[in-house]
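Working notes for the structure below.
The values are calculated or read from the model by the stated rules, or taken from the named source; none is laboratory data. Since the model is a prediction, treat every value here as computed from it, not as a measurement. All Cβ positions, even for glycine, are placed from backbone atoms using ideal geometry, and neighbour counts span all protein chains on display.
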Ligand code: FPP
């Protein structure tokens with residue numbers, strides 16, 4: 001145990017706190033495989049995955065990450081068996097109830113990316129309560145992508161823009177890549193600097209398509225499934241990011 005703590009501290013010491021990624025997005029993947037490896041039902045993997053959510057949110061906040069976006073439930077995840085969906089929603093509600101006061105005290109602002117109108121009453125109301133309670137917090141913004149799809153978000157943004165156009169609030173010439181960002185769920189937030197995906201899949205899976213245009217991508221090894229993704233893996237991803245030279249199309 002002591003060795004592990006020492007290892008984590010050594011990694012933190014190497015991180016340059018002046019050049020942290022401002023916005024990190026994580027595609028949490030591999031909960032099902034984690035459970036299968038242990039002959040457990042898939043929801044045990046989601047439960048353990050949620051423990052990692054708590055751990056990673058705490059360490060992101062501790063080192064000073066300003067925006068953290070977690071991909072929790074995609075628009076495609078409705079295709080899963082009803083029992084798995086209900087299990088996921090129960091886990092969500094349980095953890096909001098357990099963790100909300102702590103999030104609030106830590107000055108974390110919770111935002112939801114996605115259309116939560118399709119959620120059942122209890123998870124929808126708990127999510128709304130959490131967003132409402134933390135809306136004036138000024139510390140880290142924690143975005144949970146819930147019933148989220150990147151393509152859907154772009155269509156949502158276009159519809160929002162068209163509404164403003166019809167109402168005469170904006171003209172066609174006002175539209176550019178910067179102003180369009182403000183019609184998305186991430187309105188007012190910076191683009192993503194680093195996307196992390198554990199479990200060895202090399203895909204973006206419809207995650208923040210507009211916001212990741214220049215993001216660095218970090219794929220953890222296939223033996224690191226999301227429930228195995230601990231604080232030290234998070235620091236390793238940041239250290240890897242800090243070794244890269246970002247040109248944003250320049251030379
Ligand atoms: C992917 O594992 C994980 C998810 C479906 C989302 C992550 C969910 C949690 C951390 C639990 C909390 C739930 C909510 C809604 C906040 P997978 O099931 O795709 O794993 P597999 O690829 O191994 O099958």
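Residue by residue through region 1-48, note down the ones that are over 26 Å from residue 194 (Cα atoms) and at pLDDT 95 or above. Give the steps one after another, and end with the answer.
Taking region 1-48 and keeping what is over 26 Å from residue 194 (Cα atoms), we get 1-3, 35-44.
Residues satisfying the conditions are 35, 36, 37, 38, 39, 40, 41, 42, 43, 44.
Looking at region 58-77, which of its residues are within 11 Å of the ligand (Cβ to nearest atom) and farther than 15 Å from residue 123 by Cα?
The answer is 70, 71, 74, 76, 77.
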Evaluate the following for residue 246: is it at pLDDT below 95, touching a strand residue (DSSP E or B) at 6+ places or on another chain (Cβ under 9 Å) and closer than 30 Å to residue 15 by Cα?
yes
Within region 29-52, identify whether any single residue is under 15 Å from residue 148 (Cβ atoms) and crowded, with 17+ Cβ neighbours inside 10 Å, and answer yes or no.
yes
Those residues of region 18-34 which are more than 7 Å from the ligand (Cβ to nearest atom), in contact (Cβ under 8 Å) with a residue 60 or more places away in the chain and not in a loop (DSSP other than H, G, I, E, B) amount to 19, 23, 24, 25, 26, 27
Residue satisfying condition, being in contact with a helix residue (DSSP H, G or I) (Cβ under 9 Å, 6 or more places away or on another chain), closer than 19 Å to residue 112 by Cα and within 16 Å of the ligand (Cβ to nearest atom), within set 207, 234
207
Given the conditions (1) free of Cβ contacts under 8 Å to residues at least 12 places away in the same chain; (2) more than 13 Å from the ligand (Cβ to nearest atom), and given that residue 98 satisfies all but one, which numbered condition is not satisfied?
(2)
Residues of region 202-245 being surrounded by 14 or more Cβ atoms within 10 Å (Cβ to Cβ) and within 15 Å of residue 31 (Cα to Cα), in sequence order, are 220, 224, 225, 226, 227, 228, 229, 230
